[in-house]
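The values are calculated or read from the model by the stated rules, or taken from the named source; none is laboratory data. Treat the numbers as computed from the prediction; the structure is a model and nothing was measured. A quick note on method: Cβ atoms are made from the backbone with ideal geometry, for glycine too, and the neighbour counts reach across all protein chains shown. In case anyone asks, the SASA skips ligands and DNA or RNA and just uses the protein heavy atoms, side chains included. Shrake-Rupley method; radii C 1.70, N 1.55, O 1.52, S 1.80 Å.
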Amino acid sequence: MSNIEILTTQNVNINYRVASLGERIFATIIDYMLLLGFIVLMMWVLKFPDSANTSYLQLFLIGVPVSLYHLLCEFFLQGQSLGKKALNLKVVRLDGGPPSLGDYILRWMFRLVDIMATSGALALLTILFTKAGQRMGDLAAGTTVIKLDDFETLEKTIFYAKEEGYEVQFPSVKQLSDKDIRIIKEAMDSSFRADNRLLLKDLANKVKSVLQVESSMPDLQFLKRVIKDYNHVHSGGM
């Protein structure tokens with residue numbers, strides 16, 4: 001399956017691998033096995049005396065959770081059913097934003113068309129013949145399914161995950177741009193990989209000069225702190 005590049009809401013390009021058809025089928029099989037186990041368990045638990053009313057109650061208590069399984073899982077598990085979670089797959093939006101409840105509802109509704117009504121044949125064809133590996137529900141919602149093992153996390157970009165209670169140490173990072181931070185990050189990574197401490201020191205000194213700050217931190221730690229400060233400031237944390 002192909003790689004896809006999306007632009008996140010923080011203006012960072014992220015590459016990821018679209019989940020393969022085999023991975024998605026295997027995840028679906030896991031989900032159906034879990035649902036079958038749930039149905040068997042509930043039928044054993046709900047051993048009511050035979051009557052039309054109890055049959056309707058059984059149908060409701062079993063049918064509703066089964067019908068809503070994918071919608072509820074993807075919403076509450078941030079884009080993962082239990083099968084997807086087992087295989088490290090995840091639903092993401094192609095525009096970089098997090099899927100909304102509306103997106104999950106669209107994917108869930110279209111299951112009736114591209115999976116249930118056609119025994120999965122329509123989903124199989126659209127996944128195979130769309131660049132981003134999208135079934136009809138994905139096309140409607142602007143989503144696809146990725147393999148998390150290959151996902152380029154924010155730690156690998158110019159941004160770090162936002163921390164609760166984080167305090168900015170160098171407020172002057174506000175004067176930097178995304179391009180500046182990207183250059184700093186790339187130069188820092190290159191210097192670190194090459195174990196070039198002199199280049200790392202020169203980079204840290206240059207950044208201190210631009211920001212007009214002093215710091216006794218080790219050079220690598222200082223540069224990482226500058227990047228984290230920038231991320232926090234530009235994510236509305238200051």
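So here's what we get for this one:
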item: Selected residue [closer than 28 Å to G165 by Cα, out of contact with any Leu (no Cβ under 7 Å at 6 or more places or on another chain) and part of a loop (DSSP other than H, G, I, E, B)] from S215, S209; result: S215
item: Residue count, segment 189-236 (criterion: without any contact (Cβ under 8 Å) to a residue 24 or more places away in the chain, open to solvent by 60 Å² or more (accessible area, probe 1.4 Å) and aliphatic (A, V, I, L, M)); result: 3
item: Number of positions in segment 88-138 that are part of a loop (DSSP other than H, G, I, E, B), of a type in the set (V, I, T), in contact with a helix residue (DSSP H, G or I) (Cβ under 8 Å, 6 or more places away or on another chain) and within 22 Å of V66 (Cβ to Cβ); result: 0
item: First in segment 1-29 and closer than 19 Å to W108 by Cα, second anywhere and surrounded by 17 or more Cβ atoms within 10 Å (Cβ to Cβ) and modelled with pLDDT under 60, Cβ under 7 Å, 6 or more apart; result: A19/M1
item: Residues within segment 53-94 that are without any contact (Cβ under 8 Å) to a residue 40 or more places away in the chain and among the β-branched types (V, I, T), tallied; result: 4
item: Only listed residue being open to solvent by less than 70 Å² (accessible area, probe 1.4 Å) and at positive phi, chosen from G83, G63, G102, G96; result: G96
item: Count of segment 133-188 residues which are open to solvent by 70 Å² or more (accessible area, probe 1.4 Å) and modelled with pLDDT of 85 or more; result: 5
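So that you can scan it fast, the table gives a plain yes or no per residue for (1) in contact with a strand residue (DSSP E or B) (Cβ under 8 Å, 6 or more places away or on another chain); (2) in a loop (DSSP other than H, G, I, E, B); (3) modelled with pLDDT under 75; (4) not charged (D, E, K, R):
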{"position": "I6", "(1), (2), (3), (4)": "yes, no, yes, yes"}
{"position": "T9", "(1), (2), (3), (4)": "no, yes, yes, yes"}
{"position": "I14", "(1), (2), (3), (4)": "yes, no, yes, yes"}
{"position": "L34", "(1), (2), (3), (4)": "no, no, no, yes"}
{"position": "L72", "(1), (2), (3), (4)": "no, no, no, yes"}
